[in-house]
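The values are calculated or read from the model by the stated rules, or taken from the named source; none is laboratory data. Remember, it's a predicted structure, so these values are computed and weren't measured experimentally. As a convention, Cβ positions derive from the backbone with ideal geometry for all residues, glycine included, and neighbour counts pool all protein chains shown.
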Amino acid sequence: MDVEAWQIVGFTAWVSVLSVIAILPLGLGVAWLLARRIWPGKTVVETFITLPLVMPPVATGLILLEILGRHGWIGGALHRHFDLDIAFTWRAVLVALGVMSFPLLVRSTRVAFEEVDPRLEQIARTLGAGEMRVFCTITLPLALRGIIGGMMLAFARSLGEFGATVMVAGFMPKTMTISRAIYQAVQLEQDALAYRFLAVSVVLAFGAVWCSEWLLRGRRH
Amino acid sequence: MKLLLQKIVLPLSHFTLEVNVEIAGRVVALCGPSGAGKTSLLDLLAGLRRATSAFIQLDEQVLTDTARGISVPARHRGIGYVPQDLALFPHLSVRQNLLYGQKHGKACDGLFSMEHITQVLEIEPLIARGVRQLSGGEKQRVALARALIATPRLLLLDEPLASLDGGLKARILPYLARVRDEFRLPMLYVTHNPKEISALCDALLEMDRGRIVGGG
């Protein structure tokens, strides 16, 4: 593979890592609320969060384009006030990957929180700990393997994202990811390049999913 | 200790917990068949559950008064709790477990210092270990020490010896007696065992299907 192809691999890995880091605080918060609290509208929020998993990715991408484009609600405001564009930039890739991998992160993390014995949290409170201390010293460390497993799963999902990303980021060279590069190479009948991207993609995805499974299995035992 | 439990109403799966009782005494045994509502009552006292209706007063402080919307959070109640499953934090060392409830993270001098408590309960050699490396009896003493180091003004013990075999029970019982005599701390002690009641307690409450049905 040439330098340009490796740049695509590097960009894909970098933006996937960044998207997981970006969705982590919100993902942890939502997962904890779903695991530990009963509140009105919980089922609606759960369903809404799961939507990107079951909707056609291009449909999710179209929604993002409507919101983040220059005429969109968020994209328009950012363009007018800060001269900042989202659609068809690397930021669009970041948002698309984050949205598509968010449900996986929340689902894994929620299970990890649910598996922490609530009795431990209760006893920590009787020992004088406030909610934040209970979360940081009891819940989070005990759920950590599951959370990291969920992050690896979200990372693996980001690596392979195609449909939503192609809608909001197109085929711009600076925003090219592995999956879109494979598609483009096949379209241009550059089969050898497509297979090389395929090999890299398999290695990265296998590594991420294997780590995730190892961490999640370790949590169960 | 004077503990007032009035107008307690808490629906449970098979019956409703309904309690009106004034508890006085230093070590009070709470006994009754399994599923009588004893643990639920301790949870209410510790502020871990919310009742439909409740008035709970410990000495001069109102801890819960649903009529006036008062509910002191568990962390401000000053009530130590050793649950049946002990709930030791498995990812922390014995030392970290013991220090978890220490006030403001500062060493406490005298009676409730970690040094004194670990000495009384003979767990000094264990403090560098992980919780998973402890035997049943050692875990029991560590859980007790952890609750004591938080300097509670009332200690709730939920069948602390239930999971131990006969020999181990006999070995742990004197430690509980030492805690009673050394720290002079009021305790509410859930047990089925007449030996434990006679060895430790100076008053008795019997519970059945969510109600106090006897005492002495």
Any chance A:PRO118 is closer than 27 Å to A:VAL44 by Cα, at pLDDT 95 or above and more than 26 Å from the chain's Cα centre (by Cα) = yes
Would you confirm whether any residue within region A:85-105 is within 14 Å of another protein chain (Cβ to nearest Cβ) and crowded, with 24+ Cβ neighbours inside 10 Å?
-> no
Mind checking which residues of region B:131-140 are surrounded by fewer than 24 Cβ atoms within 10 Å (Cβ to Cβ) and in contact with a helix residue (DSSP H, G or I) (Cβ under 9 Å, 6 or more places away or on another chain)?
-> B:VAL131, B:GLN133, B:LEU134, B:SER135, B:GLY136, B:GLY137, B:GLU138, B:LYS139
Search region B:66-87 for residues that are over 23 Å from B:LYS139 (Cβ atoms) and facing chain A (nearest Cβ under 9 Å) and pair each with any residue that is basic (Lys, Arg) and outside any loop (DSSP other than H, G, I, E, B) when their beta-carbon atoms are under 7 Å apart and the residues are at least 6 apart or on different chains.
-> B:ARG75/A:ARG125
Complete set of residues in region B:13-27 that are surrounded by 14 or more Cβ atoms within 10 Å (Cβ to Cβ) and over 27 Å from B:LEU200 (Cβ atoms) | B:PHE15, B:THR16, B:GLU18
Those residues of region A:106-115 which are more than 14 Å from chain B (Cβ to nearest Cβ) and charged (D, E, K, R) amount to A:ARG107, A:ARG110, A:GLU114
Give the residue that is farthest from the other protein chains (Cβ to nearest Cβ), with candidates limited to residues of region A:116-140 that are under 13 Å from B:LEU86 (Cα atoms) and acidic (Asp, Glu).
-> A:GLU121
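So in region A:186-202, with the set limited to residues that are without any contact (Cβ under 8 Å) to a residue 24 or more places away in the chain, under 15 Å from A:GLY160 (Cα atoms) and of a type in the set (A, V, I, L, M), which one is surrounded by the most Cβ atoms within 10 Å (Cβ to Cβ)? Break it down into steps so the answer makes sense when it comes.
To start, the set of residues in region A:186-202 that are without any contact (Cβ under 8 Å) to a residue 24 or more places away in the chain comprises A:186-192, A:194-195, A:198-199, A:202.
From what's left, under 15 Å from A:GLY160 (Cα atoms): A:194-195, A:198-199, A:202.
Retained after the next criterion (residues that are of a type in the set (A, V, I, L, M)): A:194, A:198-199, A:202.
Details: A:ALA194: 18, A:LEU198: 16, A:ALA199: 11, A:VAL202: 10.
Looking at residues that are without any contact (Cβ under 8 Å) to a residue 24 or more places away in the chain, under 15 Å from A:GLY160 (Cα atoms) and of a type in the set (A, V, I, L, M), I get A:ALA194.
Residue-wise test of (1) over 25 Å from B:ALA199 (Cα atoms); (2) touching a strand residue (DSSP E or B) at 6+ places or on another chain (Cβ under 7 Å).
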| site | (1), (2) |
| --- | --- |
| B:GLY32 | no, yes |
| B:GLY35 | no, no |
| B:ALA54 | yes, yes |
| B:GLY69 | yes, no |
| B:ILE79 | no, yes |
| B:PRO83 | no, yes |
| B:LEU88 | yes, no |
| B:LYS103 | yes, no |
| B:PHE112 | no, no |
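Do the conditions hold for A:ALA156, that is, is it among the aliphatic types (A, V, I, L, M), more than 14 Å from chain B (Cβ to nearest Cβ) and either assigned to a helix (DSSP H, G or I) or free of Cβ contacts under 8 Å to residues at least 60 places away in the same chain (or both)?
Taking the combined requirement at face value, the residue satisfies it.
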What single numbered condition from (1) closer than 30 Å to B:ARG146 by Cα; (2) buried (at least 18 other Cβ atoms within 10 Å of the Cβ) fails to hold for A:GLU131?
-> (2)
Which numbered condition trips up A:TRP6, out of (1) surrounded by fewer than 12 Cβ atoms within 10 Å (Cβ to Cβ); (2) in contact (Cβ under 8 Å) with a residue 12 or more places away in the chain?
-> (2)
Which of the residues that make up region A:27-50 are of a type outside the set (Val, Ile, Thr) and in contact (Cβ under 8 Å) with a residue 40 or more places away in the chain?
-> A:GLY27, A:LEU28, A:ALA31, A:TRP32, A:LEU34, A:ALA35, A:ARG36
